[in-house]
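Accompanying notes for the structure given below.
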Amino acid sequence: MNTENNIDRSLTRLETATQLKNLVHKLQLANGEILTYLAEINSNDDKALTALKAIAIKYAAKIANNAGHLEGITYELEDADKEDARKNQKENLMSVLLNSIDNNGDNK
């Protein structure tokens, strides 16, 4: 049963990571299109349009930054199983060592 739970958890993590990667990719593409569009707008001496372009570029930078954070989360999701395995190995080793110490103490 524990193995089934681990498999289900792993599949959920990988599916979530895949969906998140797809979303990040679409977000980055859309953000690139927005920046391209903004670059094509000729604001000349229109102060209001220049200010709006600056605001839009500021938000585009925030979107790009957040997309990078989301991408990092996808990598963490993909590596979570490896981290769980390392923790389990560490716990098993500690358990073996503690049992060994307890058994040696009983022999004296």
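The values are calculated or read from the model by the stated rules, or taken from the named source; none is laboratory data. Worth saying up front: this structure is predicted, and the values here are computed from it rather than measured. We place every Cβ from the backbone using ideal geometry, glycine too, and count neighbours over all the protein chains shown.
When A54 is tested against (1) among the small types (G, A, S); (2) within 20 Å of the chain's Cα centre (by Cα); (3) modelled with pLDDT of 90 or more, only condition (2) is not met. Beta carbons closer than 8 Å, at least 6 apart along the sequence or on distinct chains, pair a first residue in region 50-75 that is farther than 15 Å from K26 by Cα with a second that is not in a helix (DSSP H, G or I) for T50/S43; K53/I41; K53/S43. If you go through region 16-49 and keep only what is basic (K, R) and either over 11 Å from A67 (Cα atoms) or surrounded by 13 or more Cβ atoms within 10 Å (Cβ to Cβ) (or both), you end up with K21, K47. Is it fair to say N42 is outside any helix (DSSP H, G or I) and more than 30 Å from A17 (Cα to Cα)? For N42, the condition - outside any helix (DSSP H, G or I) and more than 30 Å from A17 (Cα to Cα) - is met.
Filtered by the rule that a residue be touching a Ser or Thr at 6+ places or on another chain (Cβ under 9 Å), within 30 Å of S10 (Cβ to Cβ) and not hydrophobic (A, V, I, L, M, F, W, C), region 20-75 gives K21, T74.
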